[in-house]
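Structure record follows, encoded as structure tokens.
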Amino acid sequence: MNEIQMTFYSLINLFDRTLWIKLLSELEKIFGQKLSHLDVNDPMRKKVQDIESAADYICAIGKEESSRKLFGKFGKSKIELSLSIFKDATFFPNCLSIHFPEKVTGDSEGLSMLRNGFEEVNRCLEPFYSICDSMDTIASKRKATGYAVDLQAELIGAFWLTYFNKAYVDYFQESKFQEVPSRQIEGLDGYIVDLGESPFFVTVDRNQVEALLGKESFVDPTLGYDKPAGKNALRFDQLS
């Protein structure tokens, strides 16, 4: 099965109980499932009593700890999340990934759920960059060097749904976003690029979008070396 993945990269403080109560409550409505498990371990065993206690658990970082990693799932829906948050996002961005079974793309209701979830998380986490596509498509952008992508050197790619915040819209030039299927949504100053009906039926080629915005700013899986930070992408201190 080719799961669907959405990932959000944010630099704001995510040790914010109020933010998580709002976001998790909205996601339960959109997904039609309660958050059932939340744990620092995978497989997950710790059950969620309520959203308030889940928010407390997310924010419960020790004084000596610099980051926190958690895993969660929504009931029997097979929708799962992983979360990495940092006290100081100077070098590493906060990252939330949500995975969905491929079957959600089989009808308009499931596709609407994906779009609504993507938009809501973007509003709450205020990411500088976020993506949604099939896991196989995202995995195809693995670097030839084997190292993780340094988002201060390059972005991963353009995907079925891709959000760029205002700093990146300005960096790539706003006029270019008028040449691809894109839109702005209430509560955000960036653009969502939306390439088609579903991850498996796009009307604009992903590579075409990368070429338009500047292919050097995105991962080239064949490249055998790492790009320098700040040359083809914005440094984090330029995004905050």
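The values are calculated or read from the model by the stated rules, or taken from the named source; none is laboratory data. Because the structure is predicted, anything quoted here is derived from the model rather than measured. Cβ sites come from the backbone with ideal geometry, for glycine too, and all protein chains shown count toward neighbours. We work out accessible area using only protein heavy atoms, side chains counted, and drop any ligands, DNA or RNA first. Shrake-Rupley method; radii C 1.70, N 1.55, O 1.52, S 1.80 Å.
Residues that are crowded, with 20+ Cβ neighbours inside 10 Å and among the acidic types (Asp, Glu) within region 165-193 are absent altogether. Looking at region 143-166, which of its residues are of a type in the set (A, V, I, L, M, F, W, C), in a loop (DSSP other than H, G, I, E, B) and at pLDDT 95 or above? Of everything in region 143-166, those that are of a type in the set (A, V, I, L, M, F, W, C), in a loop (DSSP other than H, G, I, E, B) and at pLDDT 95 or above turn out to be Val149, Leu151, Ala153, Ile156, Ala158, Phe159, Trp160.
Being touching a residue at least 24 places away in the same chain (Cβ under 8 Å) and acidic (Asp, Glu) is the requirement here; does Glu109 meet it? Judged against the criteria, Glu109 is not a match.
Scanning region 1-44 for residues that are more than 18 Å from the chain's Cα centre (by Cα), under 22 Å from Leu111 (Cα atoms) and in a loop (DSSP other than H, G, I, E, B), which turns out modelled with the lowest pLDDT? Here the residue is Met1. Can you confirm whether Lys63 is of a type in the set (Lys, Arg) and closer than 30 Å to Asp237 by Cβ? Answer is yes for this residue.
Taking region 59-77 as the search range and keeping residues that are touching a residue at least 12 places away in the same chain (Cβ under 8 Å) and either out of contact with any strand residue (DSSP E or B) (no Cβ under 6 Å at 6 or more places or on another chain) or assigned to a loop (DSSP other than H, G, I, E, B) (or both), which one is most open to solvent (accessible area, probe 1.4 Å)? Across region 59-77, the extreme among qualifying residues is Lys76. All conditions but one from (1) part of a loop (DSSP other than H, G, I, E, B); (2) free of Cβ contacts under 8 Å to residues at least 40 places away in the same chain; (3) hydrophobic (A, V, I, L, M, F, W, C) apply to Val169; the one that does not is (1). Taking each residue of region 80-99 that is of a type in the set (Val, Ile, Thr) and looking for partners that are modelled with pLDDT of 95 or more and in a loop (DSSP other than H, G, I, E, B) with beta-carbon atoms closer than 7 Å, six or more apart or interchain, yields Ile85/Leu14; Ile85/Phe15.
Scan region 172-212 residue by residue and report those that are basic (Lys, Arg) and assigned to a strand (DSSP E or B). Answer for region 172-212, where residues must be basic (Lys, Arg) and assigned to a strand (DSSP E or B): just Arg183. Taking region 1-30 as the range and being open to solvent by 50 Å² or more (accessible area, probe 1.4 Å) and under 25 Å from Met135 (Cα atoms) as the test, the residues that pass are Met1, Glu3, Glu26, Lys29. Here Cys132 clears all of (1) outside any helix (DSSP H, G or I); (2) in contact with an Asp or Glu (Cβ under 9 Å, 6 or more places away or on another chain); (3) not aliphatic (A, V, I, L, M) except the condition numbered (2). One residue stands out among those in region 213-240 that are part of a helix (DSSP H, G or I) and either hydrophobic (A, V, I, L, M, F, W, C) or touching a Lys or Arg at 6+ places or on another chain (Cβ under 6 Å) (or both): the one that is surrounded by the fewest Cβ atoms within 10 Å (Cβ to Cβ), which is Phe236. Assess whether Tyr147 counts as being under 30 Å from Gly224 (Cβ atoms), open to solvent by less than 20 Å² (accessible area, probe 1.4 Å) and touching a residue at least 60 places away in the same chain (Cβ under 8 Å). The answer is no for Tyr147.
For region 62-71, residues that are over 14 Å from Ser82 (Cα atoms) and within 22 Å of the chain's Cα centre (by Cα) total 1.
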